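Shown next, in C-alpha cells, is the structure this report addresses.
No lab work stands behind these numbers, since they all come straight from the coordinates. Please read all numbers here as calculations on a predicted model, not as lab measurements. Using ideal geometry, Cβ is built from the backbone for each residue, glycine included, and neighbour counts are taken over all protein chains shown.
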C-alpha cells in the first residue's frame, strides 16, 4: 500500500522494510541518522542553488539547478521515512541545524574550482560517514539512506570540470591538492565532533562494523580509516595527491 506523508509530499510503500519499535533504542538511533541525512540533503539544496547562481556558464547553471531540485526530492524521501517510523521529521532535522556551519566557516572557497572540490571532497566525507553508519540501521531505514546517497550525478559533473581544468594547469592542480588536504582534515573533524556529541551515531557505527567479517574491535578507528581511504580514491580520480 502506498501512502503520502503530510508535510513531505513524498509517497512511500508502507509495507517496505521493517519499522523499529517506537521508544526503542533502535528507533531513536534510526531517527538520529535519518535526521542527519535529511539535513545534509537540505544543505546540499541550498549549496547547489547558490552554485547555480555562481556557475560560469549557462549550461552549468541549468545543470546545477536540476541537482538542487533533486536534493529536495531526496530530502523529502528521508523525511517520509522518519514519519513512517513514527517520529517528528522537523525535530529530527532541527537537531542538526548547524552541523556544517563551522566547517563552512573554516573552509571558504576562493575560486570556482575550490568550490567544486569542496562539494566533491569535503561534503563527500559526510556522505561516506552516513553510508557507513547506515549499516547499523534497520533494513527499511538503511535502504532509504543508501538510495538517497547513491545519486552521483553532481560528483560526476565536479570530476569532469576539475579534471579538464587541472589537465591544462599544473599550478591549479598543485593548489587543489593542498585544498583537498585541508578539506578532508576539516571534514574529519566534523565527524569526530558528531561521534563525541551523538552516542546514537557511535552505536550505529559499532553495529555496522560488527556485521562485517574480521571487523577490528575499535569501530571508530576502522571508520576513520575507511573515510580516509574514500577520500584518497576521490582525489585519485582527479589526479590529485591526497
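Numbers below:
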| read-out | value |
| --- | --- |
| Extension gain from residue 164 to residue 192, taking 0.36 nm per residue of separation minus the Cα-Cα distance | 6.7 nm |
| Order of 107, 57 - criterion: other Cβ atoms within 10 Å of each residue's Cβ, fewest first | 57, 107 |
| Angle in degrees between helix 25-54 and the longest Cα principal axis of the chain, rounded to the nearest 10 | 30 |
| Inter-label distance for residue 221 and residue 150, nm, one decimal - labels placed 7 Å from Cα along Cα-to-Cβ | 3.4 |
| Prolate/oblate/rounded call for the stretch 117-198, Cα gyration tensor, a/c under 1.5 rounded | oblate |
| Rounded, prolate or oblate (a/c below 1.5 giving rounded, otherwise prolate when a/b exceeds b/c) for the chain by Cα gyration tensor | oblate |
| Cα-based helix-to-principal-axis angle, 199-210 vs the chain, degrees rounded to 10 | 90 |
| Selected from 60, 230, 197 as most flexible by GNM, with the chain as the system and alpha-carbon contacts under 10 Å | 197 |
| Ellipsoid semi-axes in whole angstrom, largest first, where each is sqrt(5λ) of the Cα gyration tensor of the stretch 135-177 | 36, 11, 4 |
| Förster radius 22 Å - calculated FRET efficiency between residue 95 and residue 241, Cβ distance, rounded to 0.05 | 0.05 |
| Simple label model, 7 Å out from Cα along Cβ direction - residue 54 to residue 106, nm | 1.9 |
| Angle between the chain longest axis and helix 58-84 axis [Cα atoms, degrees, rounded to 10] | 20 |
| Order of 207, 33, 157 - criterion: other Cβ atoms within 10 Å of each residue's Cβ, fewest first | 207, 157, 33 |
| Gaussian network model of the chain, springs between alpha carbon atoms under 10 Å - residue of 36, 25, 149 with greatest fluctuation | 25 |
| GNM top mover of 208, 136, 225 - the chain, alpha-carbon springs below 10 Å | 225 |
| Extension reserve of the residue 174-residue 24 stretch, reckoned as 0.36 nm per residue once the Cα distance is removed | 49.0 nm |
